[in-house]
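Please read the structure below before turning to the comments.
The values are calculated or read from the model by the stated rules, or taken from the named source; none is laboratory data. This one's a predicted model, so the numbers in the text were calculated from it and none came from an experiment. Here the Cβ is made from the backbone with ideal geometry for all residues, glycine too, and neighbour counts use every protein chain on show. In case anyone asks, the SASA skips ligands and DNA or RNA and just uses the protein heavy atoms, side chains included. Shrake-Rupley method; radii C 1.70, N 1.55, O 1.52, S 1.80 Å.
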Amino acid sequence: MSGRLGRWLRGPRLFWIALFALTWALSTWSFPLYKALGARWIIRYPKAWELPLEGWLSAAMKWLVEEASFGLFTFRDLTRAIAALIEAPYRLVRAALIDGFSTGYGQQAEQWAPPLSWLAVIFIVVAIARYAQGWRLAALVGGCFLYLAVFGQWESAMVTLASVLIAVPIGVAGGLALGIAAFRAPWFERALRPLLDLMQTVPVFAYLVPILFLFGFGPVSALVATVIYAMPPMVRVTTVALQSVPHEVTDAGRMMGCTRRQMLWKVLVPSAMPTLMVGVNQVIMLSLNMVIIASMIGAGGLGFDVLAALRRLDIGGGIEAGLAIVVMAIALDRLSQAFATRQAGAPLVAQGVLRRHPWLVTVILVVLGTGLVGLFFPPVQSYPESATITTSAFWAGAIEWINVNFFDTLERIKTFLLTWLMLPIKRFFTGIPWAWGIAAMGLAGWKLGGWRLGLPAALLTGFIAASGLWGKAMVTVYLCGTSVLIASLIGIPLGIWAGQSERANAVIGAIIDTLQTLPSFVYLIPVVMLFRVGDFSAMIAVVLYALAPAVRYAAHGLRSIDAQMIEAGKVAGCTRRQLLWRIKLPLATPALLLGLNQTIMLALSMLVITALVGTRDLGQEVYIALTKANTGQGIIAGLSVAFIAIAADRIISALARHARHRLGLEA
Amino acid sequence: MDDPVMLDCRGVWKLYGPAPAQFLKAHGGAPDAGALARAGMIGAVRDVNARIRAGECFVIMGLSGSGKSTLLRCMARLIEPTAGEILFEGRDLLAMPERELIALRRRKMGMVFQHFALLPHLTVLQNVAFPLDVQGIERSKREARAREMIALVGLEGREDCFPRELSGGQQQRVGIARSLAVEPELWFLDEPFSALDPLIRREMQDEFLRLQSMLKKTIVFITHDFDEAIRLADRIAVMKDGAIVQTATPEELVLNPATDYVAEFTRHIPRAKVLRLRTIMEPDTGGAVAGELPADLTVAEAAARIEAAALPFRLIEAGRPVGIVGRQAVIDVLVGRGKP
Ligand SMILES: Nc1ncnc2c1ncn2[C@@H]1O[C@H](COP(=O)(O)OP(=O)(O)OP(=O)(O)O)[C@@H](O)[C@H]1O
Ligand SMILES: [Mg+2]
């Protein structure tokens, strides 16, 4: 018995257990220790050692806007130029979808053409869906847009759509260009990677602050923020997609005498197309999400409706606008996914524009037709107000009914989880003395990746302490940790189930897609209504938001196991359970770890938004900065969140690398 | 000659495409190639009948995409056939509940895969012991057995390597050892040597023959290499577009190809490699002979001795003389002259 224990404890396990035990002991007894030694610095980072970064940053920002100059033009001119570049196409799209085309401004404005009629917009999306996949998708997408019209969300939805339509091409083109550059020049990739990490991990509120400062309140700021938020995944996907084109294919291209340019556009990009389309899908979904959040800095549209409802505590209205976002998200998501999986049809050989592009011609006819008819018969132009249906009262009633009938149950669940799970974890994390926290992160990193991982991990942690944010950071870590734990406990089994059963996959996939496309604000409404403000509400909202990757990666990991492995297991006589535990799960470990990584990232990004429901963590710090337009404070707190994310990412990636190495998937 | 049938496939179909079962029913259970093509269905296996007898080496051969792997997977019920019956020792394999199927695989079946399918997270020893492990056999016992198998395929000393640390040939030896660990009665091999280079392939074939001469398993072996087929097979089934066009011994296949397709396949095969002495013998007139030879040797195997001797050899089958073979007959075969 002791022999077996000894064997189990050997090697790396012993290290981790010892590290945890030591951390736990220090966390539990840090207070008595401080009392005994009279050393207050043990539990609190001394004020005198704090770096005055906040002030520097605010000053630098101010200088940038007011004085910085590149010789020929000032920084101000640059931001104005960018704003103008973005604004022009945005106005055009807005005109096409909502405002109509007009000449002149203000009072003299004269509309010479109406915007696209609601019928024309629906027809266009239906035609695109039909082209991308078929009638089923066309019906779904058409239904979604019809819903927006019938339930009175048309105008807001079109404002949101206009922003998405501008942000997506910029995000995709920019991402593609940067991704290709990174693929071609390894040094560029090395330089870009930390920047991308930052862009993806700095919480959105944090860069709303400087953007607000640079571009002012309005749609341009929102679009800039959206592009910054949505582009990094495209860069990454592009690089990875190009890198994973099989060597045989590139070699074949080389043997056929392709130039570099031909190689890129005729060999690499087409081979990588399915993966690239996945990136496009991500850009679309992230743009939508960000356009909603950016309503805080003037994007308008559905996001603004949600935000306004949230401020008024108008449950019905919030859910109504939220549902409209969901509907739109589903339509956009399915549409772009359809393009990703679309198989090129047979080339059209028929002659003549009409024959070759029957849909294009029909679309043009419908657009012109409904435009003309709409001039004389307004319901064709815009959906009649009198025929809209509102569900606001219904939702408000539903939430009230739940609160009346299930108050005790909900309260009991809340108390139970708070007492037995959240508080102990909170005590553990917030008790860790800052000095040991830095050391422990360094040690963990060192164990997994040598000093090249350990040193940065310690430095990142050290930065947080030196910014005087240790306490708040630990609250963030505790909330994030609890949420990730619960999300994994729910998500991984669901993913395993979905990975093994087609039917479960259909149902779970649909639910997860919906959850993932919901903008963060929307979660807050029902959660606050049911559990009121506080850590518990925040945790629930974060779990719901961060569930998706745990499920997706688990399902994907299980599905992408080499079929031969499964067959080998079956032939060896594995039962289903053995197949799962002995073959599928070990082989899916890297995917599970990646899922964990993503869960943490999403949890952190959502956590910042839950500052709106009253958490006392780094998110709150960022939110305060946003309301006070304090650039320095916002950036520092934002960076702290980002550094937690980056440290976690690096460590888990190292774990995944170990796993992949062990599985022989990587040298 | 007629050993009991171990695996009996009757009218097995496997179609890929939308609603294959309905399609099959709608066409009276026997759609022709045209109907399949029109409906956009792939007939991976079409109406296959095969009876694999205990102790024989049954080779399925055909070009890439002819449905060999699919048929094999149907036989092991790794995939469900669209229609047909498969009997394993008289029991309906397709109607078997999962529990029994698992038990059957654990005790009676082994499979070697084209791309080895070794579990990357397990060492060689653990891989080979895996089938025993899932049966719950205790560690010392299963490892002893695994070591035995590893020794059998000549990989002693590599037990603690991971698959990625081995060459292709070595990996496939591990695959073979793993499939033999449970002492299967029915041994499936899906192009086990195709991923290997010719020299190693040859070596592995010798290894395979050596093992088979010791173990005497019932074997279903897939290959697209006719040379390999005739080296190893007792009987060969030639597949084309999902259907078996002919099942016969290598010799019959060369002598009486059922279709032009089979004839084309066998055209370049040196006849000496497949013809048995029995086939070219003449009646025994009781004259002087140089010695005696088994009648089932191939011409190639016996050529050197017969050519070297001035007198003919007497052929023995089942302990009795059946005829004689002289130098001229052997030379005729070797240079490709004369009838058969
Ligand atoms: N899961 C599947 N879905 C659709 N078609 C399939 C599937 N599996 C096999 N096929 C088709 O069935 C046919 C037979 O495939 P199979 O793998 O059995 O060929 P094979 O004879 O083993 O070829 P190879 O020598 O290349 O391994 C092929 O046309 C293949 O495209
Ligand atoms: Mg095959």
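Some observations on this one:
- Most positive-pole-ward Cα, A:563, A:429, B:63, against dipole of the protein assembly as shown from beta carbon charges: A:429
- Applying 0.36 nm per residue to the separation of residue A:50 and residue A:273 and subtracting their alpha-carbon distance, the gain on full extension is 75.4 nm.
- Averaged over peptide B:103-111, the number of partner chain Cβ atoms lying within 10 Å of each residue's Cβ comes to 3.
- Summed over both chains, the contact between A and B buries some 2100 Å² of accessible surface at a probe radius of 1.4 Å.
- Sorting B:293-303, A:169-179 by average packing, meaning the other beta carbons within 10 Å per residue, from highest down gives A:169-179, B:293-303.
- Calculated [θ] (222 nm, deg cm²/dmol) that DSSP helices of n ≥ 4 give over chain B, each run adding -39,500 (n - 2.57): -11500 deg cm²/dmol
- Three semi-axes describe the equivalent ellipsoid of the stretch B:184-247; taken as square roots of 5 times the Cα gyration tensor eigenvalues and ordered largest first, they are 20, 16, 10 Å.
- Delta accessible area of at least 10 Å² on complex formation, residues of the stretch A:562-581, 1.4 Å probe, chain isolated as reference: A:564, A:565, A:567, A:568, A:570, A:571, A:572, A:573, A:574, A:575, A:576, A:578
- Most simply put, the protein assembly as shown has about 55% antiparallel DSSP beta bridges, counting only bridges with both residues inside it.
- In this calculation the C-beta distance from residue B:292 to residue B:54 is compared with R0 = 25 Å, giving a FRET efficiency of 0.25.
- Each label point was placed 7 Å from the Cα along the Cα-to-Cβ direction; for residue A:312 and residue A:31 their separation is 4.5 nm.
- Mean partner shielding of peptide B:113-119, defined as the number of other chain Cβ atoms within 10 Å of each residue Cβ, is 5.
- Estimated inter-spin distance, residue B:305 and residue B:194, nm [label 7 Å along Cα→Cβ]: 3.7
- Translational diffusion of the stretch A:541-667 was estimated from the Stokes-Einstein equation, with Rh taken as the Kirkwood radius over Cα pairs; at 10 °C and 1.306 mPa s the coefficient is 95 µm²/s.
- Total lysine pairs in the stretch B:7-141 at Cα distances under 28 Å, for residues eight or more apart or on different chains: 6.
- Cα-only Debye scattering, the stretch A:516-576: base-10 log of I(q)/I(0) at q = 0.12, 0.22, 0.23 Å⁻¹: -0.51, -0.86, -0.91
- Of all DSSP beta bridges in the stretch B:171-286, antiparallel share, percent nearest 5: 50
- Ordering of A:308-321, B:274-287 by packing is A:308-321, B:274-287, highest average first (other Cβ atoms within 10 Å, averaged per residue).
- Mean per-residue shielding of peptide B:243-249 is 0, counting Cβ atoms of other chains within 10 Å of each Cβ.
- log₁₀ of I(q)/I(0) at q = 0.12, 0.17 Å⁻¹ - the stretch B:272-334, Debye sum with one point per alpha carbon: -0.22, -0.45
- Cβ-placed point charges (K, R +1; D, E -1), dipole of the stretch B:272-334 about Cα centre in debye, nearest 20: 60
- Charge dipole (the stretch B:90-170, unit charges on Cβ, about Cα centre) - positive-most of B:154, B:115, B:104: B:104
- Segment residue A:564-residue A:419, length gained on full extension (0.36 nm per residue, minus Cα span): 47.5 nm
- Over chain B, relative contact order from alpha-carbon pairs under 8 Å, at least 6 apart, %: 18
- Computed with the Debye formula from one identical point scatterer per Cα of chain B, without solvent, the log10 of I(q)/I(0) at q = 0.09, 0.10, 0.13, 0.14 Å⁻¹ comes to -0.58, -0.70, -1.07, -1.17.
- Taking other residues whose beta carbon is less than 15 angstrom from the beta carbon of residue B:193, and scoring Lys, Arg as +1 and Asp, Glu as -1, yields -3.
- Averaging the Cα positions of each part gives two centres, and for the stretch A:375-447 and the stretch A:523-539 these lie 4 Å apart.
- Projected onto its three principal axes, the C-alpha set of the stretch A:350-489 covers 74, 54, 30 Å, listed from the longest axis down.
- Highest-first packing order for the peptide set A:613-620, A:637-644 is A:637-644, A:613-620, based on the mean count of other beta carbon atoms within 10 Å.
- Magnitude of the charge dipole for the protein assembly as shown, about its Cα centre and with charges confined to Cβ atoms of Lys, Arg (+1) and Asp, Glu (-1), is about 1700 debye.
- Taken over the protein assembly as shown, the ratio of Cα radius of gyration to 2.2 N^0.38 Å equals 1.18.
- Kirkwood radius and radius of gyration were both taken over the C-alpha atoms of the stretch A:136-268, and their ratio Rg/Rh is 1.11.
- With every protein chain in place, the stretch B:272-334: carbon and sulfur % of accessible area (1.4 Å): 53
- Cα-based convex hull volume of the stretch A:489-601 per residue, rounded to whole Å³: 103
- Rg ratio (alpha-carbon, reference 2.2 N^0.38 Å) - the stretch A:396-470: 1.79
- Share antiparallel - DSSP beta bridges, the stretch B:272-334, percent rounded to 5: 65
- All lysines inside 20 Å of residue A:35 as judged from Cα atoms, apart from same-chain residues fewer than 8 positions distant: A:47
- Translational diffusion coefficient (Stokes-Einstein; Kirkwood radius from C-alpha pairs) of the stretch A:438-564 at 37 °C, 0.692 mPa s, in µm²/s: 194
- Listing of the stretch B:120-149 residues, each with accessible area lower by at least 50 Å² in the full protein assembly than in the chain alone (probe 1.4 Å): B:120, B:121, B:130, B:134
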